[in-house]
Amino acid sequence: MAKAKIAYVCTECGAEFNKWQGQCGECGAWNTLSEIVLESAGATAKAPAAARRSGWAGAVEPPKITALKDVRHSEHARVSTGIGEFDRVLGGGLVEGAVVLVGGDPGIGKSTLLLQALAKMAAQLPVLYVTGEESLAQVAGRAVRLDLPLEGLNALSETGIEQILQHASVARPKLIVADSVQTLWSESLTAAPGSVSQVRESAARLVRYAKETGTAVFLVGHVTKEGGIAGPRVLEHMVDAVLYFEGDGGSRFRILRAFKNRFGAVNELGVFAMGEKGLKEVANPSAIFLSGGSTHQPGSCVMVTREGTRPLLVEVQALVDSSPLSNPRRVAVGLEQNRLAMLLAVLHRHGGVLVGDQDVFVNVVGGIRVQETAADLPVLLAVLSSLRDQPLAEKTIAFGEVGLSGEIRPVPNGEERLREAATHGFKRAIVSKANAPKSGAVKGMEVIAVERLAEAIEAA
Ligand code: TYD
Ligand code: MG
């Protein structure tokens with residue numbers, strides 16, 4: 001057998017290198033390069049000649065130069081998953097031949113969601129659930145417990161990618177779920193199952209199969225807190241869409257978010273609640289991230305974020321406490337840590353409020369992660385409120401980006417956010433001047449328009 005070719009991939013960003021090095025040349029992360037064995041010479045020879053020439057495994061016809069206007073195309077055919085929130089995140093349903101990676105912490109509900117979707121889709125097309133983690137009895141038991149229709153729900157307990165593809169080429173499902181991609185392995189590699197090489201190779205085979213046959217594939221991938229052992233990260237470049245399932249253990253709400261989507265918008269959110277009978281859609285999630293009644297407390301501020309295409313009311317909590325450490329702690333849960341450090345510097349420099357000797361903890365209620373800069377102002381107001389041990393005025397919301405020179409900048413769709421807050425009974429809003437609607441545009445909402453951080457602090 002020819003000598004296996006070796007390459008190195010970064011488990012953080014997925015970049016590939018010929019030689020090992022301590023730092024990834026792409027993303028700068030240290031010690032993230034992991035050895036992978038490229039497909040052995042024997043296995044490559046099986047790929048169609050044209051595919052080998054083009055370097056793209058999915059090519060079926062020999063490639064030639066074509067004028068784009070002559071290319072026959074059609075809108076992507078989509079199939080509904082039968083779950084509205086899931087369809088929303090996919091960009092309006094599942095596209096034929098698409099490969100979708102669903103990542104998330106163990107136990108968050110990935111298997112549950114996909115089994116529920118599969119049971120609904122089985123009524124429209126042939127499906128196959130490949131389980132490498134749970135036994136067939138466990139999968140069947142769960143389907144029964146969730147009251148799912150078992151009609152057409154086919155499963156295969158197998159982890160060898162060659163066997164899986166062989167079964168698939170006979171049964172010809174139009175949709176395959178591989179749960180999980182970390183359990184898959186290929187005979188063509190000597191690396192251990194679960195290693196980056198095996199995960200990558202197995203996923204690549206499935207992607208090729210999907211493109212050649214028009215079969216849609218869901219890959220389930222576990223991610224650790226650090227971003228992933230044998231990582232889904234290295235798969236992100238190969239697949240058409242990457243969805244992450246988030247939520248904290250204490251809350252029953254789960255958020256499905258698109259990080260990459262060739263067939264739809266990114267950052268679209270789907271919201272679910274985990275219950276007795278599996279995951280239920282939350283079609284109108286605007287107020288579920290409030291802690292309920294306790295928002296009139298020191299250290300709490302309600303913000304209106306707009307992740308995806310819907311406004312959401314989200315509570316931000318802060319705790320500021322004098323620190324015994326010479327290097328006080330800054331901890332952000334549900335927000336970016338560096339952003340918090342930057343905001344605290346702005347608070348000092350332009351608000352005249354020093355928290356240098358204090359530990360600062362900030363938490364976004366409900367396990368949702370807020371990526372929008374609209375959270376800046378509410379975070380600072382919550383910090384300030386905790387520091388002074390005084391709640392903000394009752395029924396107050398805030399949103400706005402805070403600039404490095406202490407200015408409060410507007411965020412998109414200000415009026416829509418204000419209206420959403422008003423429908424949930426909020427009476428007062430602290431926002432950027434440019435987000436303030438013309439007089440009285442939002443009924444029942446007193447809008448306090450501010451231009452500088454100092455004004456916002458005064459208003460609070
Ligand atoms: P699971 O789908 O197995 O998670 P993953 O595949 O992401 O590892 O979900 C497991 C969790 O969900 C488990 O802790 C129990 C909980 N759960 C419910 O609360 N209700 C249910 O109906 C089901 C099926 C699971
Ligand atoms: Mg699972």
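Observations on the model:
- Single residue of segment 265-312 satisfying the filter (at pLDDT 85 or above and at positive phi) that is surrounded by the fewest Cβ atoms within 10 Å (Cβ to Cβ): 278
- Check on residue 357, without any contact (Cβ under 8 Å) to a residue 60 or more places away in the chain and surrounded by fewer than 19 Cβ atoms within 10 Å (Cβ to Cβ): yes
- Residues in segment 243-260 that are within 16 Å of ligand 2 (Cβ to nearest atom) and either among the hydroxyl-bearing types (Ser, Thr, Tyr) or under 13 Å from residue 85 (Cα atoms) (or both): 243, 244, 245, 254, 256.
- Check on residue 116, of a type in the set (S, T, N, Q), over 25 Å from residue 192 (Cβ atoms) and touching a residue at least 60 places away in the same chain (Cβ under 8 Å): yes
- Pairs where the first residue, in segment 102-113, is assigned by TED's automatic domain parsing to the domain that holds residue 183 and over 16 Å from residue 258 (Cβ atoms) and the second is of a type in the set (A, V, I, L, M) and near ligand 1 (Cβ under 7 Å from one of its atoms), C-beta under 7 Å, 6+ apart: 109/274; 111/220
- Checked against the criterion of being within 15 Å of ligand 1 (Cβ to nearest atom) and either within 25 Å of residue 244 (Cα to Cα) or of a type in the set (Val, Ile, Thr) (or both), segment 158-176 has no qualifying residue.
- Residue that is nearest to ligand 1 (Cβ to nearest atom), among those in segment 214-250 that are at pLDDT 80 or above and surrounded by fewer than 18 Cβ atoms within 10 Å (Cβ to Cβ): 238
- Residue 155 being within 15 Å of ligand 1 (Cβ to nearest atom), outside any loop (DSSP other than H, G, I, E, B) and either β-branched (Val, Ile, Thr) or over 26 Å from residue 95 (Cβ atoms) (or both): no
- If you go through segment 132-164 and keep only what is surrounded by fewer than 18 Cβ atoms within 10 Å (Cβ to Cβ) and hydrophobic (A, V, I, L, M, F, W, C), you end up with 136, 137, 140, 144, 146, 150.
- Among the candidates 120, 110, residue that is farther than 21 Å from residue 164 by Cα, among the charged types (D, E, K, R) and within 16 Å of ligand 1 (Cβ to nearest atom): 120
- Filtered residue count, segment 261-300, keeping only those that are under 30 Å from residue 237 (Cβ atoms) and more than 16 Å from ligand 2 (Cβ to nearest atom): 11
- Pairs linking a residue in segment 120-144 that is more than 16 Å from residue 173 (Cβ to Cβ) and within 14 Å of ligand 2 (Cβ to nearest atom) to a residue that is aliphatic (A, V, I, L, M) and in a loop (DSSP other than H, G, I, E, B), with Cβ atoms under 8 Å and 6 or more positions apart or on different chains, are 132/184; 143/150.
- Subset of segment 96-117 [at negative phi and within 13 Å of ligand 2 (Cβ to nearest atom)]: 102, 103, 105, 106, 108, 110, 111, 112, 113, 114, 115, 116
- Within segment 423-448, restricting attention to residues that are surrounded by fewer than 17 Cβ atoms within 10 Å (Cβ to Cβ) and touching a Lys or Arg at 6+ places or on another chain (Cβ under 8 Å), the residue that is modelled with the lowest pLDDT is 444.
The values are calculated or read from the model by the stated rules, or taken from the named source; none is laboratory data. Computed from a predicted model, the values in this text were never measured in an experiment. Cβ atoms come from the backbone with ideal geometry, glycine included; neighbour counts cover every protein chain shown.
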